[in-house]
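The values are calculated or read from the model by the stated rules, or taken from the named source; none is laboratory data. Since we're looking at a predicted model, the values are computed, not measured. Here Cβ is always computed from backbone atoms with ideal geometry, including for glycine, and neighbour counts include all displayed protein chains.
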């Protein structure tokens with residue numbers, strides 16, 4: 001591994017083991033050439049979480065992605081941790097997962113859910129066929145970063161250049177979808193690239209959850225809205241996400257990231273009267289907040305009113 005960064009969230013390391021020992025252990029850390037597996041046993045339900053670009057910046061040691069939120073739900077957790085921003089386009093992670101499967105590790109669990117966001121969502125979908133009966137919960141996943149298959153994808157240029165996007169296996173997550181028991185995919189339909197990837201990943205075993213104005217970082221809005229733990233709990237219990245998630249997800253209306261994206265989208269589409277009404281609602285709901293926290297809404301409202309003034313005779317507010 002490269003030189004470690006100071007840990008942001010230090011937690012005790014589990015015992016370091018090889019595959020043979022880990023397959024029978026309650027807690028373990030397998031350290032591979034390009035990836036690690038970090039496991040904690042709690043119950044017969046297993047959540048496998050995958051790193052994303054942001055978690056890699058946290059340095060080492062770090063627990064599995066979402067480990068603190070998952071701890072409150074009570075599942076066993078297996079973190080698949082990459083050493084680089086490589087979309088898991090490396091031999092280590094799939095080899096370690098396949099090695100555990102061959103040793104019967106996953107047969108101790110009654111239900112397995114694989115989760116990830118963006119880079120981690122790509123990996124969760126891609127590697128799910130390695131684990132029989134696994135379900136997947138993916139936030140804003142890419143289907144591939146190969147320029148021929150997905151010419152519309154031009155984000156994250158530096159990270160993409162540093163990883164290999166030529167040749168199989170695991171080049172295109174869309175190829176894995178028919179082999180999944182269930183995929184629940186959360187994405188913002190107003191993000192063109194995420195919408196295109198979601199369409200490539202759709203199928204009869206896929207539930208697409210449209211989350212407008214959540215941006216590519218939809219996972220952050222779901223977390224801030226208070227809906228992520230209920231969503232994961234639903235996946236741990238069943239194969240359909242229903243009314244409970246949408247009820248919890250109403251909290252997004254109080255999330256600044258969602259509010260900013262809503263106003264920006266209304267401005268881009270020239271829905272100026274809608275923008276003014278939305279800004280007014282945001283300002284009213286946040287009346288007790290510090291002025292600087294609402295400055296973005298006031299700026300957006302002033303700009304919309306100014307554009308409306310010549311035709312509607314509206315005075316700037």
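Under the condition of being in contact with a helix residue (DSSP H, G or I) (Cβ under 9 Å, 6 or more places away or on another chain) and closer than 21 Å to residue 130 by Cβ, which residue from the stretch 150-170 is surrounded by the most Cβ atoms within 10 Å (Cβ to Cβ)?
To start, the set of residues in the stretch 150-170 that are in contact with a helix residue (DSSP H, G or I) (Cβ under 9 Å, 6 or more places away or on another chain) comprises 150, 152-156, 159, 168-170.
Add one more test, that the residue is closer than 21 Å to residue 130 by Cβ, and what stays is 168-170.
Numbers: 168: 7, 169: 11, 170: 23.
So the residue we want is 170.
Kindly provide the set of residues from the stretch 234-249 that are assigned to a helix (DSSP H, G or I) and either surrounded by 17 or more Cβ atoms within 10 Å (Cβ to Cβ) or assigned by TED's automatic domain parsing to the domain that holds residue 279 (or both), ordered by number. Reasoning before the result, please.
First, the residues of the stretch 234-249 that are assigned to a helix (DSSP H, G or I): 234-237, 243-249.
Result: 234, 235, 236, 245, 248, 249.
Scanning the stretch 209-244 for residues that are within 16 Å of the chain's Cα centre (by Cα), in contact (Cβ under 8 Å) with a residue 24 or more places away in the chain and farther than 24 Å from residue 196 by Cβ turns up 223, 224, 225, 226, 227, 228, 229, 232, 233, 235.
Take residues that are surrounded by fewer than 19 Cβ atoms within 10 Å (Cβ to Cβ) and at pLDDT 95 or above and tell me which of the strands (runs of 3 or more DSSP E) falling wholly in the stretch 1-53 contain 2 or more. Working first, answer last.
Numbers: elements: 27-31, 35-40, 45-50.
Per the criteria, 27-31.
The set of residues in the stretch 256-305 that are under 29 Å from the mean Cα position of the chain (by Cα), loosely packed, with under 14 Cβ neighbours inside 10 Å and at pLDDT 90 or above contains only 295.
Do you know which residues across the stretch 35-68 are in contact with a helix residue (DSSP H, G or I) (Cβ under 6 Å, 6 or more places away or on another chain) and either more than 27 Å from residue 24 (Cβ to Cβ) or outside the structural domain of residue 234 (by TED's automatic domain parsing) (or both)?
Going residue by residue through the stretch 35-68, those that are in contact with a helix residue (DSSP H, G or I) (Cβ under 6 Å, 6 or more places away or on another chain) are 35, 37, 45, 47, 50-53, 65.
Selection gives 52, 53.
For beta carbons closer than 8 Å, sequence separation of 6+ or different chains, a first residue in the stretch 145-166 that is under 15 Å from residue 195 (Cα atoms) and a second that is surrounded by fewer than 16 Cβ atoms within 10 Å (Cβ to Cβ), the qualifying pairs are 152/192; 153/147.
Can we say residue 190 is in contact with a helix residue (DSSP H, G or I) (Cβ under 7 Å, 6 or more places away or on another chain), modelled with pLDDT of 95 or more and part of a helix (DSSP H, G or I)?
no
If you check 89, 62 for being modelled with pLDDT under 95, surrounded by 21 or more Cβ atoms within 10 Å (Cβ to Cβ) and within 20 Å of the chain's Cα centre (by Cα), only one passes: 62.
In summary, residue 267 fulfils each of the numbered conditions (1) in the same structural domain as residue 51 (by TED's automatic domain parsing); (2) in a helix (DSSP H, G or I); (3) free of Cβ contacts under 8 Å to residues at least 40 places away in the same chain with the single exception of condition (1).
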